[in-house]
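Reading through the structure tokens given below for one structure.
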Amino acid sequence: MTSRLLSPLDLGPLKLPNRVFMAPLTRARAGQPGDVPSELNAEYYAQRAGAGLIVSEATQVSPQGQGYAWTPGIHSDAQEAGWKQVTDAVHANGGRIAAQLWHVGRISHTLLQADGAAPVAPSALVAEGANAFVVRPDGSAGNEPTSMPRALETGEIPGIVEQFAQAARRADRAGFDLVEVHAANGYLLQQFLSTNSNERQDRYGGSLENRARFTLEVVDAVIDAIGAQRVGVRISPHFTGHDIADGQAEESALYLAREFTRRGIAYLHVAEPDWAGGPELSDEFRQALREAFAGVLVFCGGYTAESAEARIASGVADAVAFGRPFIANPDLVTRFAEGAALNKPDPSTFYGGGAHGYTDYPTLGQAE
């Protein structure tokens, strides 16, 4: 039974036909040069337009915000035009799509930064055990340990906040229905939030409220750009990848949830510990999030149709996002509706490459 999962949902200005969200999925296939979305990307997203909402792959708000080669940006005119091609294709197939706005912070490398500069972070602390994906001087591509970052000056932070606002305006012009602020998975906003990666002595460090200030300033700027009802935020409490160890993970998540409620944003997207490890979220914490956040609450992380249905039936979640199942099943919603078997994803084609493992997974009709 997936009756609740497949029921309609009001989300900000949108009326979604179902509660199956497509999670943001880095695929490293942006057109080169310039990290510009291409016709291939448009085809990929259009194939998955049956989702209640597609959240785009993480999209850097500036060249400095890039941590992986071949990921798309949304800071140039060419990128904006490329994304317009994507949103037009999704809308032509009856879908809805949000742009996920991203700055990686210290999860980067000097090879990805202008003039070989150091990546930026709340504090000059390297992310132990973390990698960036780079193109090396000899033309080969692969993972390299992240570079030592430099701490952002207090006076630089408003400029990064404005990069998010400008990216939201570009997303609006490119035809995205919503934007999602990426405050999860150990990237810049979570680096400011986490007790182990933020050692600042200014108004952005120390107390929980100070560590959350940057995230809230970004959200406020994006709201000013396009309106609260078109904004979502992704957080990842208890995430332990990218050298994150937040001693106040649940407190900060609940504080943010209450602040987001005050601002009236459309949705809060909670990435549960999954591929990166970390303690499982407790039912008590999920319930506390539900009580703290008044908008649409979305959970993501290893769900099946059955477990998603149960989470929504419990009243805790309004929708559930799926990642790898959407990679391999462009018609995932149809398969859920029919109780059909799912294609298995091929991890060797997750990142980089062309159409193989990207746009060539069969739908039910093609499989038959």
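Just a few scattered comments:
- Among beta bridges from DSSP that stay inside the chain, the antiparallel ones total about 20%.
- The range 121-148 versus the range 321-363: alpha-carbon centroid distance in Å: 29
- All-pairs alpha carbon distance profile, the chain, 20 Å steps from 0, percent: 31, 62, 7, 0
- Normalised by 2.2 N^0.38 Å, with N the number of residues, the alpha-carbon radius of gyration of the range 191-274 equals 1.08.
- Proxy reagent accessibility, fewest Cβ within 10 Å first, across Val36, Val86: Val36, Val86
- Intensity falloff of the range 102-164 expressed as log10 I(q)/I(0), Debye formula with alpha-carbon point scatterers, at q = 0.26 Å⁻¹: -1.13
- From helices alone, the chain scores -9500 deg cm²/dmol at 222 nm; the rule is -39500 (n - 2.57) for each run of n ≥ 4 DSSP H residues, then divide by the residue total.
- Here the range 151-170 is scanned for amide nitrogen atoms under 11 Å from the site 7 Å beyond the Cα of Arg203 along Cα-to-Cβ, giving 155, 158.
- Cα-based Rg and Dmax for the range 232-368, where Dmax is the largest Cα-Cα distance (Å): 16.9, 51
- Modelled spin-label separation between Asp283 and Ala328, with each label point placed 7 Å from Cα along the Cα-to-Cβ direction: 2.9 nm.
- Working from label points 7 Å from Cα in the Cα-to-Cβ sense, the Glu156 to Leu111 distance is 2.2 nm.
- The range 75-199 - convex hull of the alpha-carbon atoms, volume per residue in Å³: 134
Each value in this text was obtained by applying a stated rule to the coordinates, not by laboratory testing. All of these numbers come straight from a predicted model, not from anything done at the bench. So basically every Cβ, Gly included, is an ideal-geometry build from the backbone, and we count neighbours across all protein chains shown.
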